[in-house]
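Down below is the structure, laid out as structure tokens.
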Amino acid sequence: MESVIKEKIMLECSDLKKSYPTSNGEFVVLEDFQLQIKEKEFISIIGHSGCGKSTLLTMIAGLNDITEGKILLEANKIQGAGPDRAVVFQSPSLFPWMTALENVMLGVKQVFGHATKKQREDICKYYLDKVGLSDAFHIKAKSLSQGMQQRVGIARAFALKPKVLLLDEPFGMLDSMTRVELQDVLIDVWTKEKITAVMVTHDVDEAVFLSDRVIMMTGGPYAKVGDIAHINLPRPRHRKVTIEDPDFYKHRQHLLDFLDH
């Protein structure tokens, strides 16, 4: 029974195409894009700038129209945005005049409208605590550092209890030390929650450290899946142990070799 559960397909991109009309005719960003993502899997998508990684993520989120093909979530066709897909963007887009708790509460109120005020507050506090912000519940977002704001963004996404967590270069604007700290926060919370996760990143080390598989996209236009790396590093992952594993560097080199072509 366990193996059957593990193999459940949570998300499927089938014959996916995205194009935009231009004065010179159709500009095709993605074409013939095929991908199946299993429940509880952590996937990273890498590729050169302009290959359509973020376009794909916004299509999965329901924020960008599909030209051809379909995206299925638990075998149901995606029709627009919904709380079953939570997105963490590069910039967390918080309301600066609201506290960390109030920012997380906005989504929680919508998704858990049936819950009591206390229950909703407990959900928000639980996830803020999980991302290391137990002392910042009542601090306004404008007074938080960029790294702390992104922690709020991560807490807000997990608090929605989505079926799929979408991460679009979530640490791309942070300094290297904060980036490493937040990767550790993300992997810790994800290990407990085991939500299906899809992350776009330019960082090869980040992709290997966090993922079960890394999807390598060909250069655009007409981008598609070029290669897939199966990251067989043991979980739960702890940075020191993981980066000392020889396989970490084999996977890393595989990705670099693909990107160099």
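Numerical summary
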{"read-out": "Matching residues in region 94-125 - criterion: being aromatic (F, W, Y) and surrounded by fewer than 14 Cβ atoms within 10 Å (Cβ to Cβ)", "value": "F95, W97"}
{"read-out": "Filter result for S134 (among the hydroxyl-bearing types (S, T, Y), surrounded by fewer than 21 Cβ atoms within 10 Å (Cβ to Cβ) and either over 27 Å from K40 (Cβ atoms) or within 19 Å of the chain's Cα centre (by Cα) (or both))", "value": "no"}
{"read-out": "Subset of region 134-168 (residues that are among the aliphatic types (A, V, I, L, M) and on the phi > 0 side of the Ramachandran plot)", "value": "none"}
{"read-out": "In region 40-61, residue surrounded by the fewest Cβ atoms within 10 Å (Cβ to Cβ) [restricted to those that are part of a loop (DSSP other than H, G, I, E, B) and under 14 Å from the mean Cα position of the chain (by Cα)]", "value": "K40"}
{"read-out": "Any hit, region 4-20, residues being over 22 Å from F158 (Cα atoms), over 17 Å from the mean Cα position of the chain (by Cα) and part of a helix (DSSP H, G or I)", "value": "yes"}
{"read-out": "Some residue of region 253-261 being assigned to a loop (DSSP other than H, G, I, E, B) and in contact (Cβ under 8 Å) with a residue 40 or more places away in the chain", "value": "no"}
{"read-out": "Pairs where the first residue, in region 90-107, is over 14 Å from K125 (Cβ atoms) and the second is of a type in the set (V, I, T), C-beta under 7 Å, 6+ apart", "value": "P92/V152; L94/V152"}
{"read-out": "Residue in region 237-249 that is charged (D, E, K, R), closer than 26 Å to C51 by Cα, modelled with pLDDT of 95 or more and not in a strand (DSSP E or B) present", "value": "no"}
{"read-out": "Selection count, region 161-174, where residues are more than 12 Å from the chain's Cα centre (by Cα) and surrounded by 24 or more Cβ atoms within 10 Å (Cβ to Cβ)", "value": "0"}
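Matching residues to (1) part of a helix (DSSP H, G or I); (2) of a type in the set (A, V, I, L, M, F, W, C); (3) touching a helix residue (DSSP H, G or I) at 6+ places or on another chain (Cβ under 7 Å):
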residue	(1), (2), (3)
R120	yes, no, yes
I123	yes, yes, yes
A136	no, yes, yes
R151	yes, no, yes
F158	yes, yes, yes
L165	no, yes, yes
T178	yes, no, yes
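The values are calculated or read from the model by the stated rules, or taken from the named source; none is laboratory data. Just so it is clear, the model here is predicted, and its values are computed rather than measured. Every residue, glycine as well, gets a Cβ built from its backbone with ideal geometry; the counts of neighbours run over all protein chains shown.
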